[in-house]
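For reference, the structure is listed below as structure tokens.
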Amino acid sequence: MRGSVLALPLLMAVSGAAFAQGKPVPEIPFESVPHFLKLPPDMYLGETAGVAVNSKGHVFVFSRGNSTGPAYGASAAQLLEFAADGTYLREIGHNLYAWSFAHAVRVDKEDNIWAADKGSDMVIKFDPQGRVAMVFGRKQEASDEETGPLKHPKPPLPPVDGMFRQVTDMTWDAAGNTYISDGYINSRVAKVDKNGRWLKSWGEPGSGPGQFNTPHSIASDAKGNIYVADRGNGRIQVFDGEGTFLRQIKIDVPFDYASASAAIGNKPAIGATGTQAPGSPWALCITNGPKQVIYAADAFPGRIYKLSLDGQVLGVLGESGKQLKQFGWIHEMACPTENVLYVAELLNWRVQKLILHPGK
């Protein structure tokens, strides 16, 4: 949603009353596993932009770590694999040509590992052994005199087939087609087939159906519907596999504004819109199994929301902060089961493993 409310008397905010137009939903009891990831000596996570889990329970972390170079414009991307118990296993793609600025990592049904790098405008598919299997997009040439940060013209330049501008995430349907959210500059979803052939894209800048303002995260359900976290517009848009708009979901859950805190920076104003608005989705994941649910996370007030596929909010958990069970800008989530979540946080430089206890 674009803000928790459109208007409320200031007195309500000052007094600490919960506010929003939506209905109260249950708080889900949960725990966070302490010291879950076990890093080797002298290895550190930076901002953890991505987290994913494969069929063996191995956890993949795409971190803005291992940085070298100048203070401005240095590369910041490292892909690490951990066993199901959090034991460090290996680094994948050490010093890979595409590594510039980590954004998201996902694992498909065949345990291939996919990484979206916002800085290089590339998506890389690794096989389960960690070898590069397919490459999408193209990094700017280091020897080109025009190489430098991408511009943000308004309106944006038209998108180009096969190329991305600050790409963000990817998901798949049962046929093996890949859907790529693109991104901070382009405002679209791209579709490629299982062989890597570019099929189509849809979307443009704006706030109407099928338009985007920072498509930041993307997920799919068992029927092949595609869910896009349209972060700047404060909503989740749902499409079929051909890009036909089906519906939108807005998250509108009451909370105590007076006691809520921002993870960093000033607290967003009542009625704020955009990426810091309550309920504005930064990260999405959809569970496997016959009963699928969506988990979505916002930056303020820093909560995770459990939703049905039709958009009903089933529960909520967490808040902003630096302690366990608190969050600092959740950037990606993995939900291998309905009651186990892995959350990657930018501001706290960590991944938390959460175990939910909805029956308590």
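A few remarks follow.
- Here the Debye sum runs over all C-alpha atoms of the stretch 165-207 as equal scatterers in vacuum, and log10 of I(q)/I(0) at q = 0.14, 0.16, 0.31, 0.34 Å⁻¹ comes out as -0.31, -0.39, -1.08, -1.17.
- With contributions of -39500 (n - 2.57) from each DSSP H run of at least four residues, the per-residue ellipticity at 222 nm computed over the chain stands at -500 deg cm²/dmol.
- Label-point separation, ASN339 to GLU242 (7 Å along Cα→Cβ), nm: 4.1
- Spin-label model, ARG197 to ASP127: label points 7 Å out along the Cα-to-beta-carbon direction sit 2.2 nm apart.
- Under the Debye formula (equal points on every Cα, no solvent term), log10 I(q)/I(0) of the stretch 27-144 at q = 0.12, 0.15, 0.18, 0.20 Å⁻¹: -0.44, -0.67, -0.93, -1.10
- Cα point-scatterer Debye curve for the stretch 103-259, base-10 log of I(q)/I(0) at q = 0.09, 0.11, 0.19 Å⁻¹: -0.30, -0.44, -1.17
- Excluding exposed DSSP-loop GluC sites (Glu not before Pro) (at most 10 other C-beta within 10 Å), longest clean stretch of the chain: 147-360
- Protection proxy ranking of 215-224, 153-162, by the mean of other Cβ atoms within 10 Å over each peptide's residues and highest first, is 215-224, 153-162.
- For the stretch 257-340, the list of trypsin sites (Lys or Arg not before Pro) that fall in a loop by DSSP and count at most 14 other C-beta atoms within 10 angstrom reads LYS291, LYS322, LYS325.
- Solvent-accessible area per residue, Å², over the chain with all protein chains present [probe radius 1.4 Å]: 44
- Here the dipole of the chain is about 500 debye; that uses its Cα centre as origin and unit charges on the Cβ of Lys and Arg (positive) and Asp and Glu (negative).
- Sequence of LYS360, LYS56 when ordered by accessible area, the most exposed leading, probe 1.4 angstrom: LYS360, LYS56
- Calculated over the stretch 234-342: convex hull of Cα atoms, volume per residue (Å³): 111
- Separation of the SER207 and LEU89 label points, Cα + 7 Å toward Cβ, nm: 4.5
- Sparse-neighbourhood loop sites, trypsin sites (Lys or Arg not before Pro) in the stretch 87-116 - DSSP loop, at most 11 other Cβ within 10 angstrom: LYS109
- Among the protein heavy atoms of the chain, carbon and sulfur supply 54% of the accessible surface, probe 1.4 Å, non-protein parts ignored.
- J(HN,Hα) series, the stretch 289-303, from Karplus relation 6.51 cos²θ - 1.76 cosθ + 1.60, nearest Hz, glycine and proline x: x, x, 10, 8, 9, 9, 10, 10, 10, 10, 8, 9, x, x, 10
- Difference of contour (0.36 nm per residue) and Cα-Cα distance, ALA174 to GLU145: 6.1 nm
- Length available on full extension from LYS223 to ASN112: 0.36 nm per residue minus the Cα-Cα distance, which gives 37.9 nm.
- The Rg/Rh ratio of the chain, with Rg taken over Cα atoms and Rh as the Kirkwood radius over Cα pairs, comes to 0.95.
- PHE327 - accessible surface, heavy atoms, 1.4 Å probe, Å² rounded to 10: 0
- Rounded to the nearest whole angstrom, the semi-axes of the ellipsoid equivalent to the stretch 287-347, taken from the Cα gyration tensor as √(5λ), stand at 21, 12, 9, largest first.
- Of TRP198, TRP282, TRP99, the one that fluctuates the most in a GNM where the chain has Cα springs shorter than 10 Å: TRP198
- With both residues required to sit in the stretch 37-147, DSSP beta bridges show an antiparallel share near 95%.
- Summary value for the chain: 19 percent relative contact order, contacts being C-alpha pairs under 8 angstrom separated by 6+ residues.
- Where Rh is the Kirkwood radius over Cα pairs, Rg/Rh for the stretch 73-118: 0.99
The values are calculated or read from the model by the stated rules, or taken from the named source; none is laboratory data. Please read all numbers here as calculations on a predicted model, not as lab measurements. Note that each Cβ is placed from the backbone with ideal geometry, even for glycine, and that neighbours are counted across all protein chains shown. Side chains included, ligands, DNA and RNA excluded: accessible areas come from the protein's heavy atoms. Shrake-Rupley method; radii C 1.70, N 1.55, O 1.52, S 1.80 Å.
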